[in-house]
Amino acid sequence: MIVVIVGYLWSTYNGLVSANEAIDGQWAQVQTQYQRRLDLIPNLVASVKGIMVQEQKVFDDLAQARTQYGNATSVNDKAAAASQVEGALGRLLVVMENYPQLKSSDTVQTLMTQLEGTENRVSVERKRFNDNVQSYNIMIKRFPANMLAGVFGFSNRTYFQADTGAATAPTVNLQN
């Protein structure tokens with residue numbers, strides 16, 4: 001009987017550790033895609049900046065958002081900063097739609113394709129992160145593992161959530 005109990009405790013503890021580490025590993029994947037995005041943005045901005053001098057605010061917003069991401073330390077801070085990058089990037093994409101000569105540039109097209117691919121990767125990695133968080137959170141809430149989780153300090157993990165208003169497309173007014 002003691003062997004069964006010790007085996008259960010051992011197995012449950014190791015399962016909790018594995019699930020917790022899976023979340024941390026998946027968050028690293030999310031950050032890798034964020035970094036790829038942040039590395040592509042300066043190239044895109046440099047490619048279109050000369051033509052779009054009047055759109056300096058969009059470029060400034062992107063630079064500020066990238067800086068905030070670089071200074072963020074927690075998962076929640078990085079997620080919030082990444083959402084700011086997405087908002088500024090969305091405004092840049094709307095602006096670019098209004099400049100047909102930019103869309104015909106091979107450099108801009110290549111960068112836009114890479115950026116679109118990166119955005120898809122970010123979305124996939126965020127979903128995987130949230131899936132791992134869900135599995136872990138369920139694991140630590142189920143009886144009797146919940147008692148062991150509490151004893152060893154395993155606590156609920158936070159899902160990645162989009163900022164409020166993220167579902168609303170950005171608007172750019174070129175008349176001002």
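Residue by residue through region 63-73, what is 3J(HN,Hα) from phi via Karplus (6.51 cos²θ - 1.76 cosθ + 1.60, θ = phi - 60°)? Round to whole Hz and write x for glycine and proline.
Rounded to whole hertz, the list is 4, 5, 5, 4, 5, 4, 5, x, 8, 5, 10.
Between residue 110 and residue 124, what length in nm is gained on full extension when 0.36 nm per residue of separation is reduced by their alpha carbon distance? Display every interim value, and only then the final one.
Working: separation 14, 0.36 × 14 = 5.04 nm, distance 2.13 nm.
Full extension of this stretch gives 2.9 nm more.
What does the charge count near residue 149 come to, summing +1 for each Lys or Arg and -1 for each Asp or Glu among other residues with Cβ under 12 Å from its Cβ? Please list the in-between numbers first.
Values: positive: 141, 142, 157; negative: none.
Surrounding charge for residue 149 is +3.
Could you compute the FRET efficiency for residue 32 and residue 94, with r as their C-beta to C-beta distance and R0 at 30 Å, rounded to 0.05?
Numbers: r = 27 Å, r/R0 = 0.90.
After rounding, the FRET efficiency stands at 0.65.
Throughout, read-outs are computed from the coordinates displayed, never taken from laboratory work. Not measured: the values here are computed from a predicted model. In this analysis, Cβ positions are derived from the backbone assuming ideal geometry, glycine residues included, and neighbour counts consider all displayed protein chains.
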